[in-house]
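The structure appears right after this line, and notes come after that.
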Amino acid sequence: MDIMERIPTHVEGLDENMQGGIPKGHICIVAGASGAMKSSVTFSMLYNAVLYGETSGIYVTLEQGKDSLRAHMSNMGMNVDDPRVRNRIAIIDLSDLRVQLDEQGMSNRVDWMGQLIKQLTNYRKSIGFELLVFDSLGAFFTLTKMENPRDEIFRLFEAVRRLELTSFFICEMTGENHRQFGEYGVEDYLSDGVIHLVMDRKEDDVQRKLGIIKMRHTRHALGYKPFNWKQEEQRFTVL
């Protein structure tokens, strides 16, 4: 009998094959190439967990502007101004701070890892959120000197664990690192779960697929399955 408390992803066809969802407190990597819908999938997990559950969360973005992200998700039917979720979802845009520090020539002198952990701790105390989406680790790594990536990533993940957050860290997979699920090859090892989104190309046809590579304390289906967005239900479906 599974007695772990879980956070449903509300991806139709996924939770049913993953004992009901993500174990509470897990750190998950959502990895894939550009265009694989990583941001959309993780935002939908956050949005629907808040809409249908008794939780709250934040979406931290470092590249896509807050207004652009809100407009994109609203176009998909996920409106953060909806009264049912308005006070329980916050979008935190760190790109403005990044630009300001770059203009002042200060970005190289900032302990970004320490600042990020401090900010998350402050948000946890002030907002009281339980779910975190961080978009993306790759963008964050461009800000900080990763002299010892394993130690630094462990430092970040351990801080998130101490805050008792269920979190999703988005990782971009490029042509150079397509065989590993993070820029430094240790992100997947240090995390509790890895969700891999791929774009399967056959001649002129492209099909997006989703696979659970790893999920600790969970029996889950293996292999990759096609997925798509159901606009009328505001959720993704694994076919």
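Read-outs throughout are calculated quantities, based only on the coordinates presented, and are distinct from any laboratory measurement. These figures come from a predicted structure and were not determined experimentally. Quick reminder, even Gly has a Cβ in these numbers, built from the backbone with ideal geometry, and neighbours come from all protein chains shown.
Neighbours of residue 227 by Cβ distance under 15 Å: Lys/Arg scored +1, Asp/Glu scored -1, total +1. Measuring nothing but how far apart in sequence close Cα pairs (under 8 Å, 6+ apart) lie, relative to its length, the chain scores a relative contact order of 30 percent. Counting neighbouring beta carbons within 10 Å and listing from fewest to most, the residues 143, 222, 46, 14 come out as 222, 143, 14, 46. Multiplying the residue separation of residue 33 and residue 127 by 0.36 nm and subtracting their alpha-carbon distance yields 30.6 nm. Apply the a/c threshold of 1.5 to the C-alpha gyration tensor of the chain and tell me whether it is rounded, prolate or oblate. Judged from the Cα gyration tensor, the chain comes out rounded (a/c under 1.5). Compute the distance from the alpha-carbon center of segment 111-143 to that of segment 55-93, in whole Å. Centre-to-centre distance over Cα atoms comes out at 16 Å.
Computed from backbone phi, the HN-Hα couplings of segment 163-172 come to 7, 6, 9, 8, 10, 10, 9, 7, 10, 7 Hz, rounded to whole numbers (Karplus: 6.51 cos²θ - 1.76 cosθ + 1.60, θ = phi - 60°; Gly and Pro given as x). Contact order, relative form, for segment 123-176: 59 percent (alpha carbon pairs under 8 Å, 6 or more residues apart, mean separation divided by residue count).
Counting neighbouring Cβ atoms within 10 Å and putting the fewest first, the residues 157, 141 line up as 157, 141.
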